[in-house]
Amino acid sequence: MKILILANRLPHGNVAGGHRLIYQRMRQLVERGHEVGLAAFIDPEEERHLPELRRMLFEAETVPAKQRRLAVRVFRDYVSGSLPAIFWKNHAPAMMQLVGDLVERSKYDVVVAEFSEMGMYLYRNPYLSAVHKVVSCHRCLTTTFANYIELPGIPLSLRLKSASQMHVLEKYEFELYSAMDHILTLTAEDRFALLRHAPQLPVSVIRPGIDFDYLDREPTTAAESPIIMMCGYFADKSNNDGALWFAHEVWPKLAGKHPKLKCIFVGTGASSEMKQLSEKESRIRVCGHVDDLRPYREQATIFINPMRLGSGLRVKVLEAMATGLPVVSTALGVAGIPAQNGVNCFVADTPELFAQSIEWLLSDARLADGMGRAAKAMVQRHYDIRSAIRELEQVLAEVVSI
C-alpha cells in the first residue's frame with residue numbers, strides 16, 4: 001500500500017509520547033514493504049531530524065508550525081466560529097494545499113491523520129481528490145474538554161474556555177469523523193467514548209506497540225540520589241496540569257522526609273509556572289528538550305504520571321514500564337492499560353496516596369524491583385510492536401479494499 005501520514009508535530013525516534021508512536025508505526029510499515037509518506041508541521045529545532053526521515057520514507061514534506069498572536073489566541077479560545085479553537089490552532093492553508101498536492105502527485109491509497117486535529121485536512125479540503133481517509137484518534141477532544149469543565153481544581157479560565165467551545169467542538173468533531181472511512185483509537189475505552197456520541201462510526205482499536213529492541217541497551221551509571229521522573233509534551237494542558245499538581249500537592253509531602261530525593265520533568269513546552277519550580281526548589285529540575293529519553297529513564301528511580309485531564313493511552317507509561325521502572329500514576333494516567341494496583345504499578349488519585357505510594361517504593365527496593373519486572377512482563381504480553389502493526393495493516397487493507 002501507499003500510505004500518507006499527517007502529523008501536527010514532526011514524528012522522529014527521539015520524541016516522546018504519541019508522536020513517537022507515529023514514528024514507530026511509519027518505520028514498521030516501511031519495514032513491511034509499504035510506501036509511506038509524511039506531511040507534518042515542523043518547529044525549527046526539529047529540522048535536523050528531517051534527513052533521517054527522508055531516507056526512511058517514500059517522501060516527507062513539512063509546513064512551518066505557526067506561532068499565533070496572543071490576542072488572537074485568547075479571542076479564539078472564547079469566541080469560536082465554525083472551526084473550534086483547538087482545530088484552528090492546527091489550521092494552515094499551506095497544509096491544506098500540501099495534503100492535496102501529495103495525494104494527487106503520489107497517488108496514495110489511504111491517508112491517515114494522526115490526532116483528530118489533523119483530520120480537518122481530510123474534511124472539507126478543497127484541494128483533496130478522492131482517496132481513502134482514516135483518522136487515528138489519540139484522544140476524544142469532546143471528552144477531554146468535558147473533563148476540563150468537570151474536574152475540581154481546574155483554573156476558572158480553562159473551565160470557561162472549554163464551556164464556550166463544547167457545543168461547536170462536539171458538532172465539528174463528530175461531523176469530521178462521520179466523513180471518514182474509518183476511525184482508529186488506542187483503547188477500548190476511547191472507542192466506546194466515540195460510539196456513545198456517534199454509534200454508526202466504524203471504529204477499530206489499534207494498540208500502541210512498544211519497541212523493546214530500541215529500549216533495551218547498556219544501562220548508564222546509576223544515579224547517586226533517588227530520582228522521580230515525569231516526561232511529556234508540557235505545552236499540552238494535561239501534562240502541564242499534572243506536573244504542577246505533583247509539584248504543589250505531592251512534592252511537599254516527600255521533600256522533607258527524603259532530603260536527597262530529586263524530581264525531573266523532561267520534555268518541551270514547559271510553561272513559565274513550570275520553569276519557576278526549579279527556581280523555588282533546587283531539587284526540582286525542568287529539563288526541556290532532550291535528544292534521547294533513555295538515559296533519563298535509566299537514571300530514574302520512579303516514573304510518575306500524575307494526569308488529571310484528557311483521555312487516550314499514555315505511551316510514555318508503557319515505555320517506562322517496558323524498561324522496568326516502577327510507575328506511580330493516577331487512574332486516568334493508566335486508563336486503557338492492564339494496570340494492577342500494587343502488582344505492576346501504584347494507582348493513586350489523592351496527593352496523600354500518591355506520596356505514600358512513592359514512599360513505599362523508595363523504602364522497599366524489593367517491592368520496587370518486583371513491580372518493575374511485573375510491569376515489563378505485562379507490556380511484553382500485551383503491546384508487542386509487531387502484533388500492533390499487523391493489526392493496523394489489516395485495518396488499512398480493509399479500508400483500501402472498500
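The values are calculated or read from the model by the stated rules, or taken from the named source; none is laboratory data. Keep in mind the model is a prediction, meaning the values are calculated, not measured. Every residue, glycine among them, receives a Cβ derived from its backbone with ideal geometry; neighbour counts consider all protein chains shown.
Here's a check for you: in the stretch 37-48, which residue that is more than 19 Å from the chain's Cα centre (by Cα) and modelled with pLDDT under 95 is nearest to GLY288 (Cα to Cα)?
GLU45
Do any helices (runs of 4 or more DSSP H) lying entirely in the stretch 149-225 carry at least 2 residues that are farther than 16 Å from ARG139 by Cβ and out of contact with any Pro (no Cβ under 6 Å at 6 or more places or on another chain), and which ones are they?
156-178, 212-215
Residue by residue, here is whether (1) outside the structural domain of LYS133 (by TED's automatic domain parsing); (2) farther than 30 Å from LEU254 by Cα; (3) buried (at least 16 other Cβ atoms within 10 Å of the Cβ) holds:
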position: SER357; (1), (2), (3): yes, no, yes
position: LEU361; (1), (2), (3): yes, no, yes
position: ARG366; (1), (2), (3): yes, no, no
position: GLY370; (1), (2), (3): yes, no, no
position: ARG373; (1), (2), (3): yes, no, no
position: MET378; (1), (2), (3): yes, no, yes
position: ALA388; (1), (2), (3): no, yes, yes
position: GLU393; (1), (2), (3): no, yes, yes
position: ALA397; (1), (2), (3): no, yes, no
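Could you check the stretch 1-24 and list, in sequence order, the residues that are touching a Pro at 6+ places or on another chain (Cβ under 9 Å) and at pLDDT 95 or above?
Across the stretch 1-24, the qualifying residue is only ILE5.
Would you confirm, using the coordinates I've provided, whether SER106 is touching an Asp or Glu at 6+ places or on another chain (Cβ under 6 Å) and at pLDDT 95 or above? Write out each step before concluding.
On the way: touching an Asp or Glu at 6+ places or on another chain (Cβ under 6 Å): no; at pLDDT 95 or above: yes.
Answer is no for this residue.
For the stretch 26-46, what are the residues that are closer than 20 Å to LEU102 by Cα and charged (D, E, K, R)?
Scanning the stretch 26-46 gives ARG27, GLU35.
A quick yes/no check of all residues on (1) under 22 Å from the mean Cα position of the chain (by Cα); (2) closer than 21 Å to ALA348 by Cβ; (3) not assigned by TED's automatic domain parsing to the domain that holds VAL317:
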site	(1), (2), (3)
HIS197	no, no, yes
VAL205	yes, no, yes
ASN240	yes, yes, no
GLY267	yes, no, no
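In the stretch 256-311, which residues are hydroxyl-bearing (Ser, Thr, Tyr) and either surrounded by 15 or more Cβ atoms within 10 Å (Cβ to Cβ) or in a helix (DSSP H, G or I) (or both)?
Of everything in the stretch 256-311, those that are hydroxyl-bearing (Ser, Thr, Tyr) and either surrounded by 15 or more Cβ atoms within 10 Å (Cβ to Cβ) or in a helix (DSSP H, G or I) (or both) turn out to be THR268, SER271, SER272, SER278, TYR296, THR301, SER311.
Output the number of the condition that ALA94 fails; it satisfies all remaining conditions of (1) among the aliphatic types (A, V, I, L, M); (2) part of a strand (DSSP E or B); (3) surrounded by fewer than 22 Cβ atoms within 10 Å (Cβ to Cβ).
Exception for ALA94: condition (2).
Working only within the stretch 103-113, note down all residues that are under 11 Å from VAL131 (Cα atoms) and buried (at least 17 other Cβ atoms within 10 Å of the Cβ).
VAL103, TYR108, ASP109, VAL110, VAL111, VAL112
Which of the residues that make up the stretch 211-254 are at pLDDT below 85, buried (at least 17 other Cβ atoms within 10 Å of the Cβ) and touching an Asp or Glu at 6+ places or on another chain (Cβ under 9 Å)?
Hits for the stretch 211-254 are ASP211, LEU215.
When you check THR301 against the structure, is it under 18 Å from the mean Cα position of the chain (by Cα), not assigned by TED's automatic domain parsing to the domain that holds PRO11 and not basic (Lys, Arg), yes or no?
no
Give me the pairs, please: first residue somewhere in the stretch 136-162 and within 30 Å of ILE3 (Cα to Cα), second residue anywhere and of a type in the set (Val, Ile, Thr), beta-carbon distance under 7 Å, and either six or more positions apart or on two chains.
The qualifying pairs are SER136/VAL112; CYS137/ILE183; CYS137/THR185; LEU141/ILE86.
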